[in-house]
Amino acid sequence: MLRTAIVCLLWLPGLAEAHAAGGSGFTSGLLHPILGLDHLLAMVSVGILSAQLGGRAIWLVPAAFVSCMILGGVLGILGIYWPFVELGITLSVILLGIALAAHGHIPVAVGLGLAGFFGIFHGHAHGTEMPEVAEPVWFTLGFVTGTVAMHLTGVAIGLTAERLPSGDRWLRYLGAGVAGIGVHILYELLMPMEML
């Protein structure tokens, strides 16, 4: 079953490119982070990683992501250039997946740094779309709410897995799978379409 899901995800690279605003209000903002595979994987991974790290990291790591995502969004709205946004988003999937596979054997400071740094890229990608959105305040509130919901989902997955026999091993496998999907997204990003 897991293998089938991974194969299906590898054949759906178009889901990783859901960065067009596609709507204007709260609901559009709420759904936006969920419909982009790269965003979804990164945000859930941040939640799982925070649960793996435990203690205050359960709320500090997601808070670092959301805070820096908002900062990145403001930079994007203001038209301030941030280099390699799509590459940064893709690398966030890979490195957060690797961090999950390490199963909490990274310092909390590294987890905070990863979440904060990559939050800027995710926020900037959506901040640049804000001028195209008819209701930017509602879209932003929805986007932040969707992000927090994905973090909470990740925390719930992480905390639940920790209570299960072999749950830590499944989280490591999940992290390896997330990193693998990130590598596939990177391949799709870097290879010109005519070469595929």
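The values are calculated or read from the model by the stated rules, or taken from the named source; none is laboratory data. None of the values given here were measured: they were computed from a predicted structure. Heads up, the Cβs are rebuilt from the backbone with ideal geometry, glycines too, and the neighbour counts pull from every protein chain shown. Surface accessibility is based on the protein's heavy atoms, side chains included, excluding ligands, DNA and RNA. Shrake-Rupley method; radii C 1.70, N 1.55, O 1.52, S 1.80 Å.
If one puts a single equal scatterer on every Cα of the stretch 28-124 and applies the Debye formula without solvent, what log₁₀ I(q)/I(0) results at q = 0.11, 0.16, 0.22 Å⁻¹?
-0.29, -0.60, -1.09
Tell me, what ³J(HN,Hα) does each residue in the stretch 159-168 have, in order and in whole Hz, if you take phi through Karplus 6.51 cos²θ - 1.76 cosθ + 1.60 with θ = phi - 60° and put x for Gly and Pro?
In residue order, the calculated couplings are 5, 5, 4, 4, 8, 8, x, 6, x, 5 Hz.
Can you pull the accessible area of Arg172 for me, 1.4 Å probe, Å² to the nearest 10?
The accessible area of Arg172 comes to roughly 90 Å².
So how far apart, in nm, are the two label points at Leu164 and Trp82 if each is 7 Å from Cα heading toward Cβ?
3.3 nm
Taking amide hydrogens as modeled 1.01 Å from N in the peptide plane, which residues meet the under 5 Å criterion relative to His103, leaving out close sequence neighbours?
HN-HN under 5 Å from His103: empty list.
Would you work out if the stretch 38-196 is rounded, prolate or oblate? Take a ≥ b ≥ c from the square roots of the eigenvalues of the alpha-carbon gyration tensor; rounded if a/c is under 1.5, else prolate when a/b is larger than b/c, oblate otherwise.
Oblate, because a/c is 1.5 or more while a/b does not exceed b/c.
So, with a 1.4 angstrom probe, what is the percent of accessible area on the stretch 90-195 that is carbon and sulfur?
Taking all protein chains in place, the stretch 90-195 shows 73 percent carbon and sulfur surface.
With a probe of 1.4 Å, find how much accessible area the stretch 73-196 has per residue, and write the answer as a whole number in Å².
About 51 Å² of surface per residue is accessible.
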